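The structure under discussion appears below in the form of structure tokens.
The values are calculated or read from the model by the stated rules, or taken from the named source; none is laboratory data. Being a predicted model, the structure only gives us computed values, none of them experimental. Positions of Cβ are generated from backbone atoms using ideal geometry, with glycine treated the same way; all protein chains shown enter the neighbour counts. Please note that ligands, DNA and RNA were not included when accessible areas were found on the heavy atoms of the full protein model with its side chains. Shrake-Rupley method; radii C 1.70, N 1.55, O 1.52, S 1.80 Å.
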Amino acid sequence: MELISLNTKGENKGHYSPGVIHGGTLYISGQLSIDLDTREVPGGSVEEHMRLALHNLERVLTAASLRRNDVVSCRIYITDINDWDRVNEVYKEFFGGHKPARAVIPVAGGLHFGCLVEIEAIAACK
């Protein structure tokens, strides 16, 4: 296994790797809607949270020398299923014509740090 790490200014106390490559596949740990450098959660809309979580996802992809189009599957956790349409629009903007397999899962108890979105993904390595 190859462990993928990120150079961030903020300290992550979790016992996990942001990404792990095994057998030609990158497994990306859940990326919260938190600034990885300041460890601050954005105030505001679910769209802002979604963009930040996708930005964090892209940081892991970049660290593994991969791109958005290499993503084959995503799981998106949201705190309010009524935000589905808004989350979907930001997701569509991010991926454009690329359509990875996907699940959107509502989380009744909330997400860590008060985040509104968390995304995990699987990507194909070249």
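Across all directions, the average projected area of the convex hull around the alpha carbons of region 14-61 is 3.7 nm².
Positive contributions from Lys and Arg (+1) and negative ones from Asp and Glu (-1), summed over other residues with Cβ under 12 Å from the Cβ of LEU116, come out at -3. Suppose all protein chains stay in the model; what accessible area per residue would a 1.4 Å probe give for region 50-126, in Å²? I get 52 Å² per residue for region 50-126. Only protein heavy atoms count here; on that basis, with a 1.4 Å probe, THR25 has an accessible area of about 30 Å². PRE reach from HIS98 (point 7 Å along Cα→Cβ): which of region 33-69 fall under 11 Å by backbone N? Counting only backbone N, you get 58, 61-62, 66-69. Calculated on the alpha-carbon coordinates, the convex hull of the chain measures out at 100 cubic angstrom per residue.
Rounded to the nearest 10 square angstrom, ASP70 shows an accessible area of 20 square angstrom against a 1.4 Å probe.
So if each residue of separation counts as 0.36 nm, and I subtract the Cα-Cα distance between CYS125 and HIS55, what length gain in nm does that give?
23.3 nm
For the set HIS112, HIS98, HIS15, HIS55, solvent exposure ranked by accessible area (probe 1.4 Å, protein chains only) runs largest to smallest as HIS15, HIS112, HIS55, HIS98. Take every Cα pair under 8 Å whose residues are at least 6 apart in sequence, average their separation, divide by the length of the chain, and the relative contact order is 33 percent. List the residues whose amide H sits under 5 Å from the amide H of THR25, counting only those 5 or more places along or on another chain, with H placed 1.01 Å from N in the peptide plane. The list, which skips near neighbours in sequence, is CYS125. Full extension of the chain between THR38 and ARG86 yields a length gain of 14.7 nm, computed as 0.36 nm times the residue separation minus the alpha carbon distance. Electrostatic tally near THR8: other residues with Cβ closer than 11 Å to its Cβ, Lys and Arg +1, Asp and Glu -1, net 0. Rounded to the nearest 10 square angstrom, ARG39 shows an accessible area of 70 square angstrom against a 1.4 Å probe. The accessible surface of the chain, taken with every protein chain in place and a 1.4 Å probe, is 49 percent carbon and sulfur.
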